[in-house]
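Here's the structure, in structure tokens; my notes come after.
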Amino acid sequence: MIQVAQILFILSVLVILHEFGHYITAKMFKVRVEKFYLFMDAGFSLVKKKIGDTEWGIGWLPLGGYVKLSGMIDESMDTEQMNEEAQPWEFRSKPAWQRLIIMLGGIIVNFILAIVIYTITFSTTGQKTISVDKIQQNGLAFGEVGHKVGFKSGDKIIAVDGEKYHDFKFVSMAVLFGDKVEIERNGKSIELQLTDEQKGEIIKKEGKGFAGARFSVNNFFIDSVGKNSNGILPFDQIVGINDKKITYIDEFFDVARNKKLDSLKFLLIRDNQEIIVKTKIDSTGKSGLSLKSLKLIQNFNFDNAIVGEIVKDSEGEKAGIELGDRILKVNNNKVSNYKDFKKQLSLINPSDLLKLTIERENNVIELNSKLNKKGKIGLGFKDTKESEYIVRNKMPFGNSIQEAFSQTWNMFVYNINSLKLILRPKTGAYTQVQSPIGIARRLPDTWNWEFIWEFTAMFSIGLAFMNLLPIPGLDGGHALFTIVEMITGKKLSDKAAGHVQTFGMIILLTLMALTFGKDIYQLVVDKLL
């Protein structure tokens, strides 16, 4: 529900301000505004009230919103008034340059909103970036597809098409946008050129997270091993493989990717002692260890961890645990990290009660809970400590304005490059286009104002870019015909404008149906699984 509330809040802010851009510019040029709606009122409105010439309302369908101007064929597809003689207060009676400003009013407000949000953020909490130097200090870790297309764990991405980046958020996408990737491998410079098919593999299987930080083996432990453990136990820590000690967890996965493996020799730490376990490898898990069933999990510190997820109808929910709680003890035993917590749960029979000592809003309370048949309580945890790779640059107000313009432009270029990628069929990027349903599922399940405003700024630029596209039915389509009129002196007839608007709306509604349908299908599939 929090994810739904967040996306509705973000959409409401963006739609109201975007349509206000059209409204205020229309009023500037004395164009009558007949309707101002948040969300679409197909068939009926949730709320409506007429003030002066304008009906203000909220529609039931959260697919944007609209401002209906007298004398204009828009989303409402109202063409009746166009058969009557033009009136001075109508949109069609105004000079082309005024109509162009009205059409671009929403887009301009979207850009202004992003600049304002970035300016306030940069001057208060600071500009937050993921430092490329910090995250690449020991090189990067790559997944299976990353290795397949030519990267190796330990590589550093130096530049893409000759451009260097200081914020890692843009690096992985730059690789997908660009042609030439300069990497540093073992102190030597190497150039990679990815084909559209290779980029498609990355997008389909691993996405923009195909490259990431390298994590020490000391931060991971084995959570589960499947049916055939072959001597490997939960809570073991892998520190070596095939007579070679490893420093980073990706080194283990690099070896494990070898499909021809029939056995592996593990160097493990168990109960603070190093042991060697040789195990047979069997992808089916029948006669040996299946590496797919070997689950490794990060051992984060409970000093900074809070409950970030509670499975519906789980034992944890029944016990009264709440989001934001911090677990201090299990059965009076202090738990300092996730491994301690999991170990304590493993000692409890599902039929037994366990006592949880919890810190909630600076108060210490005790709750009794049970485990389900699988020995789980149904909680997920979130580390509240900011990543060591994040850098915050708090700047003076004047500098923050300048940087806000730069950030807005960079995000606009990001949208241009994203569209270019989508229009290259071999990359398959078009399959990743998401509706508000898909976007909502990516939002955090806790309310975070910093994230919400940052996302709103990013989304605002995306909305401005989308509306600039010269597609009939969008602001950019209206603006294009107006610009052509200003150049040629010839205006599109009302009849032709109606046909163009209808064609544009069919395209837009078809695209919306496809993206919504895909995301709804994925939501249903995920729920069933």
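The values are calculated or read from the model by the stated rules, or taken from the named source; none is laboratory data. Note that this is a predicted model, so its numbers are computed, not measured. A quick note on method: Cβ atoms are made from the backbone with ideal geometry, for glycine too, and the neighbour counts reach across all protein chains shown. Just the protein is used for accessible areas: all its heavy atoms, side chains included, with ligands, DNA and RNA removed. Shrake-Rupley method; radii C 1.70, N 1.55, O 1.52, S 1.80 Å.
Taking strands (runs of 3 or more DSSP E) as the structural unit, those lying wholly within region 114-185 and holding at least 2 residues that are open to solvent by 20 Å² or more (accessible area, probe 1.4 Å) and either modelled with pLDDT of 90 or more or polar (S, T, N, Q) (or both) correspond to 127-130, 156-160, 180-185.
Residue-by-condition table, conditions (1) of a type in the set (Gly, Ala, Ser); (2) within 36 Å of the chain's Cα centre (by Cα); (3) surrounded by 14 or more Cβ atoms within 10 Å (Cβ to Cβ):
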| residue | (1), (2), (3) |
| --- | --- |
| 273 | no, no, no |
| 281 | no, no, yes |
| 285 | yes, yes, yes |
| 319 | yes, yes, yes |
| 328 | no, yes, yes |
| 331 | no, no, yes |
| 334 | no, yes, no |
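For residue 348, are the conditions met, namely being over 27 Å from residue 147 (Cβ atoms), touching a strand residue (DSSP E or B) at 6+ places or on another chain (Cβ under 8 Å) and not in a strand (DSSP E or B)? Taking the combined requirement at face value, the residue satisfies it. Of all the criteria given as (1) at pLDDT 90 or above; (2) under 22 Å from residue 252 (Cβ atoms); (3) hydroxyl-bearing (Ser, Thr, Tyr), the one not satisfied by residue 224 is (1). Tell me, please, whether a residue that is at pLDDT 85 or above, among the hydroxyl-bearing types (Ser, Thr, Tyr) and open to solvent by less than 30 Å² (accessible area, probe 1.4 Å) can be found in region 486-504. No, the conditions are met nowhere in region 486-504.
Being open to solvent by 20 Å² or more (accessible area, probe 1.4 Å) and assigned to a loop (DSSP other than H, G, I, E, B) is a condition met by at least one residue of region 1-23. Residues in region 361-378 that are of a type in the set (Gly, Ala, Ser) and either exposed (fewer than 10 other Cβ atoms within 10 Å of the Cβ) or assigned to a strand (DSSP E or B) (or both): 369 alone.
When 407, 402 are checked against the criterion of being farther than 30 Å from residue 219 by Cβ and open to solvent by less than 70 Å² (accessible area, probe 1.4 Å), 407 stands alone in meeting it. Going residue by residue through region 418-432, is there one that turns out to be modelled with pLDDT under 75, surrounded by 18 or more Cβ atoms within 10 Å (Cβ to Cβ), under 29 Å from residue 172 (Cβ atoms) and touching a Pro at 6+ places or on another chain (Cβ under 8 Å)? No: zero hits.
Can you tell me which of 202, 183 is touching a residue at least 12 places away in the same chain (Cβ under 8 Å), touching a strand residue (DSSP E or B) at 6+ places or on another chain (Cβ under 8 Å) and hydrophobic (A, V, I, L, M, F, W, C)? After applying the criteria, what remains is 183. Cβ-Cβ distances below 8 Å connect the following pairs, each with a first residue in region 393-415 that is part of a loop (DSSP other than H, G, I, E, B), a second residue that is of a type in the set (Phe, Trp, Tyr), and a separation of six or more residues or different chains: 394/122; 395/122.
In the set (1) buried (at least 20 other Cβ atoms within 10 Å of the Cβ); (2) out of contact with any Asp or Glu (no Cβ under 6 Å at 6 or more places or on another chain), residue 28 fails one condition alone, (1). Please determine whether any residue of region 352-367 is under 23 Å from residue 222 (Cα atoms) and of a type outside the set (Lys, Arg). No: region 352-367 contains no residue that is under 23 Å from residue 222 (Cα atoms) and of a type outside the set (Lys, Arg).
Inspect region 241-254 for any residue being surrounded by 16 or more Cβ atoms within 10 Å (Cβ to Cβ) and more than 34 Å from the chain's Cα centre (by Cα) and give the result as yes or no. Checked against the condition, which is being surrounded by 16 or more Cβ atoms within 10 Å (Cβ to Cβ) and more than 34 Å from the chain's Cα centre (by Cα), region 241-254 yields at least one hit. Of all the numbered requirements in (1) open to solvent by 30 Å² or more (accessible area, probe 1.4 Å); (2) over 24 Å from residue 248 (Cα atoms); (3) within 35 Å of the chain's Cα centre (by Cα); (4) not charged (D, E, K, R), residue 349 misses one, and that requirement is (3).
In this structure, does residue 311 turn out to be β-branched (Val, Ile, Thr) and open to solvent by 40 Å² or more (accessible area, probe 1.4 Å)? For residue 311, the condition - β-branched (Val, Ile, Thr) and open to solvent by 40 Å² or more (accessible area, probe 1.4 Å) - is met. For region 459-483, the tally of residues that are free of Cβ contacts under 8 Å to residues at least 24 places away in the same chain and among the aromatic types (Phe, Trp, Tyr) stands at 1. Identify the single condition in (1) part of a loop (DSSP other than H, G, I, E, B); (2) closer than 21 Å to residue 483 by Cα that residue 85 does not satisfy, given that it satisfies every other one. Of everything listed in (1) part of a loop (DSSP other than H, G, I, E, B); (2) closer than 21 Å to residue 483 by Cα, residue 85 misses just condition (2).
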